[in-house]
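The structure appears right after this line, and notes come after that.
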Amino acid sequence: MAAVTAAMVKELRESTGAGMMECKKALTETDGDMEAAVDVLRKSGAAKVEKKAGRIAAEGITRVASEGNTAVVVEVNSETDFVAKNATFQEFVQAVADKALKASVDKAGDGEDVCAILDMQSELEEKTLTIGEKLSIRRFQKITGDCVASYIHGGGRIGVLVAADGASNDAIKEALTNVAMQIAAMNPQYLSRNDMSADELAKLREITEKSALNDPASLPKPILNKLIDKAINDKVWSDADIATYEEHKSNMQYLFNFLSKEAAAQLAELALADEANIVADKIFNGLVEGRVSKQLKEICLMDQVYVKAEDGKQSVAKYLAEVAKANGAFTVKGYVRFETGEGLEKKNEDFAAEVAAQLQ
């Protein structure tokens, strides 16, 4: 049997990141065969990965990689934010991004074996062994265009890609980078309202209508006054609420500060009962259109106010139009935004309690 030296243990530790005693045991088991010892550690690492499989990995980082007119963003998860800041972990995530850029598919995500798609199972097990936490290659997505820009926010908390077709130069790429920053900050759901289906627009309008009917204080005065007349004439309101109304009706702006919650709820019930007539009212339609338009400006990138607008009003669409006028015509074709851990269950950590439990 070959003697296991300290130098051999050190070499194995440096190449695998495993503990000293684990390395010594593996070398002893394999009679000093370094490659075989690595396999032993990988196998034991795989066993540890299985033990960690039940844990929740909802922290981590995003990273991007690009080549030519193609870019990719990936999300790799860890159990703790502490590991997400680890240089070894960050190097691994960048390696995942580089591998995803070469992948034959353009995207993979939740519900798919992304690790298998990228053929990185052994690398994942090795890093799990080295780092000591459950790691998960969650998703990646590529984007292609004549000009592509990326932005990483918060050390990797959010990763954004933006692609455009048309002219391509440094000024346009800078503009797309600014738009990527906008996407990171404002999290739009759509590129423009044209990307919303008829069903989605109809659903948004329906929700807006119902919300308005359930909030009588916000209804146009002619409609609200009709509802109040009905509540009084049909004895829907209590005598106390009728008296309150008579006392404060000269200042309708503050009426609902004095009415009971029951009176407001009764008005909402009356509004919903007369929904068909109210929805057909032109004044009500104007109210709904205004609210829908406001929401579209929040959820559609091109309608959003550009975060760097000097006047505080310029939309993203107008900002890009100015850039195109000065630097060549281009059109934003799409974007991707990954936020670490979005949609994942996160464990509720109590570090003090954990330490106390270990001491006991």
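Magnitude of the charge dipole for segment 167-248, about its Cα centre and with charges confined to Cβ atoms of Lys, Arg (+1) and Asp, Glu (-1), is about 240 debye.
The Cα atoms of segment 244-353 give a gyration tensor whose axes a ≥ b ≥ c have a/c of 1.5 or more with a/b no greater than b/c, which makes the shape oblate. The magnitude of the dipole of segment 92-136, with charges of +1 and -1 set on the Cβ of Lys/Arg and Asp/Glu and taken from the Cα centre, is near 120 debye. Fewest neighbouring Cβ atoms within 10 Å first, the residues V292, V316, V93 line up as V292, V93, V316. Charge dipole (Cα centre; +1 on Lys/Arg Cβ, -1 on Asp/Glu Cβ; no other charges) of the chain amounts to roughly 480 debye.
Would you mind checking the pairs K25/K134; K10/K127; K249/K282; K107/K203; K85/K173; K99/K127 and listing those with alpha carbons more than 22 angstrom apart? Can you show the working numbers first?
Working: K25/K134 24 Å; K10/K127 18 Å; K249/K282 25 Å; K107/K203 28 Å; K85/K173 29 Å; K99/K127 16 Å.
Distance filter (> 22 Å) returns K25/K134; K249/K282; K107/K203; K85/K173.
Taking 0.36 nm per residue of separation and subtracting the current Cα-Cα distance, fully stretching the chain between A326 and K85 would add 82.7 nm. Loop-resident GluC sites (Glu not before Pro) (DSSP state other than H, G, I, E or B) in segment 289-343 with no more than 12 further Cβ atoms inside 10 Å of their Cβ: E310, E342. A Förster radius of 45 Å, combined with the Cβ-Cβ distance separating K10 from K318, puts the computed FRET efficiency at roughly 0.15.
Run the paramagnetic zone check for A309: 7 angstrom along Cα to Cβ, then residues of segment 192-217 with backbone nitrogen under 20 Å. Only 192-195 pass the distance filter. Looking at the chain only, what percent of DSSP beta bridges run antiparallel? Nearest 5 please. Within the chain, antiparallel bridges account for around 95 percent of the total. Which residues in segment 215-233 have a backbone N closer than 13 Å to a point placed 7 Å from the Cα of I242 along the Cα-to-Cβ line? In segment 215-233, the label zone of I242 (backbone N under 13 Å from the point 7 Å along Cα→Cβ) covers 229-233.
Couplings 3J(HN,Hα) for segment 242-255, derived from phi with the Karplus relation 6.51 cos²θ - 1.76 cosθ + 1.60 (θ = phi - 60°), are 5, 5, 4, 4, 4, 6, 10, 5, 6, 10, 4, 4, 10, 4 Hz, where x marks Gly and Pro.
Enumerate by residue number the trypsin sites (Lys or Arg not before Pro) in segment 225-260 meeting two conditions: DSSP loop (anything except H, G, I, E, B), and at most 10 other Cβ atoms within 10 Å of the site's Cβ. Walk me through the numbers before you get to the answer.
On the way: sites: K226, K230, K235, K249; in loops: K235.
Sparse-neighbourhood loop trypsin sites (Lys or Arg not before Pro): K235.
Please find the FRET efficiency linking E298 to A276, where r is the Cβ-Cβ separation and R0 is fixed at 22 Å, and quote it to the nearest 0.05. Efficiency for this residue pair is about 0.15.
Gain in length, N233 to K221, computed as 0.36 nm per residue apart minus the alpha-carbon separation, to one decimal in nm?
Values: separation 12, 0.36 × 12 = 4.32 nm, distance 1.79 nm.
Fully extending the segment from N233 to K221 adds 2.5 nm.
If eta is 1.002 mPa s and T is 20 °C, what Stokes-Einstein diffusion coefficient results for the chain, Kirkwood Rh from Cα pairs, in µm²/s?
Working: Rh = 25.5 Å.
Translational D for this selection: 84 µm²/s.
Relative contact order for the chain using alpha-carbon pairs under 8 Å, separation at least 6, rounded to a whole percent?
Values: 523 pairs, mean separation 67.2, N = 360.
For the chain, the relative contact order is 19 percent.
Rule-based calculations on the coordinates, nothing more; no lab input. All figures in this text were calculated on a predicted structure; none of them were measured in a lab. All Cβ positions, even for glycine, are placed from backbone atoms using ideal geometry, and neighbour counts span all protein chains on display.
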